[in-house]
Every structure is written in C-alpha cells, then in structure tokens.
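Report on the structure given below.
Just so you know, all these numbers are worked out from the coordinates, no wet-lab data involved. Keep in mind the model is a prediction, meaning the values are calculated, not measured. FYI the Cβ positions are ideal-geometry reconstructions off the backbone, even for glycines, and counts take in every protein chain you see.
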Amino acid sequence: MSERDCFNLGMEQRSQMQLQWPPVTKTVIGLSIFFFVFWLATVLFEPLRSFADLNMRLTFDSVKEGRFWNVFLYSVNHHGFIEILFVGFAMWMFGAHLEKTLGLKRWWLILISSVILGGWIVVGWDALIGIAAPVQGFHAAVMGLIAAFCWDKWNETIYIFTFPLTGKIMLAACVGFGVVMSAISGQYVRIGLDFAGMVCGILIAGNFLSPRDLKTRFRLWRARRRLKVVRGPEKKDYGPN
C-alpha cells in the first residue's frame, strides 16, 4: 500500500470516528451553562450560598421541617466545577443521543422522574439508616440518561473510548463503578440514587409506562387468564390384551 493510500485510509477512519461523536444539542448546552452560572453565583454571593445550603441540600430533616421542595431542588446545587463538568460531559455523551431518539418530552421526563424518585429514596434512606452528608447534584438524572442509553443499545456493540461494549455490559459496569465510588466516599445513599435513575431511565426508554401499552398488556394478560385449554382424554394403560 502506498503512502498516499495509507493517508487516505487514515483520513477515512478519522472521519468515521468523528461521525460517531454524539450531537451537541441546545438542551445539553443550556443545562450545563445554567448549572455553572448558578454554582458560580453561590461562590460569589454569600446570601445565595446560604439559601442554597438551606433549600437545595437534601436530608430527612429538611423534609421533616417542611422544605419539601428540597426533594427536587437538590439536583440544581453542585459541589464544584469538576462535578458540573462531569454532568455536562455525561449529558452530552449519552443524553444528546436520547434527545434525538426518544424526543425532548420523554428526555425531560427521565430527568425529572429520576430526580424526584432519587430524592425520596434519599429521604427514606436517611430516616432508616442515615447518610454521611446532605445530598446534592444531578447524579440521579445522569444515571437515568445512562440507563436509558444502555437500554436503547442493549444488544448493540458500542465503542466507549475505543472499548467495544454492549448496552447491558455497560450498564453492569456503571453499577459496579457506582458501588465502588459509594464505598470510597462512604456515601452509600448514592447506590439508591443510581437505582432510582436506572429504574426511571429503563421504564421510560422502554416505553413501559405508556398508558396505551399498559392497557394492551393488561388485555393480553386477561385474555390469557380466560383462555381455556381443552385437553383430550388421558390415555390409560390397560395392560396387554
């Protein structure tokens, strides 16, 4: 193979790799900028930081005291720029693809349901077991997007940083990574946030909560229950004639 052919082949492979990058959507950019601006404002303005510490950090006591909005608003407040950078990167890598395939309505439904379910799991976990520190951040929503992406690519081979994985293997790897990180940080409630996000992501991406599909599944189940299988007379062994 000539040097020119090698160059052309390399450029073709490079273009194919570029085509595999997910699209950059306005929703992902908007959310990332919003999180960054809000975090920066809490750093620069003490009154806003005090407000966020009181109303955007989730514990059982915060709900017990009547601040039920903490169950949702904890997702807006983040620990720092690195966490926001990770959230934005995860939304771009996995959420942008889902925004195109599932539609913006179901995309938002995954985020909101993951945050709310994760919030109530945190409250219950804190009431029964206790948590190491107040919970904040977009972790549950990110896990919802990742689980939905894995469900959409369940048996397909996808390349994450050149590593070939199927969707189900990637989801198992994410679960394992989450358990390890929870153990390292001592914040085991993160496992509950992972569970909340994965449940919401898979249920919505798989369309398991669609009223029409639920009605169809119920009708099929009821039809099977009513179905009577007619069996013929049993053969008996009367012995030799």
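Miscellaneous remarks
- Each peptide in 99-110, 193-204, 21-32 receives the mean, over its residues, of other Cβ atoms within 10 Å, and ordering these scores from highest gives 193-204, 99-110, 21-32.
- Amide H contacts under 5 Å for residue 166, placed H, 5+ residues apart: 158
- Measuring against 22 Å, Cα to Cα, the residue pairs 100/153; 26/168; 26/100 contain 26/168 as the ones spanning a longer distance.
- Scaled against the 2.2 N^0.38 Å expected of a compact globular protein of N residues, the Cα radius of gyration of the stretch 15-222 reads 1.07.
- In this entry, the stretch 33-85 is assigned a mean projected area of 3.6 nm², taken as a quarter of its C-alpha convex hull surface.
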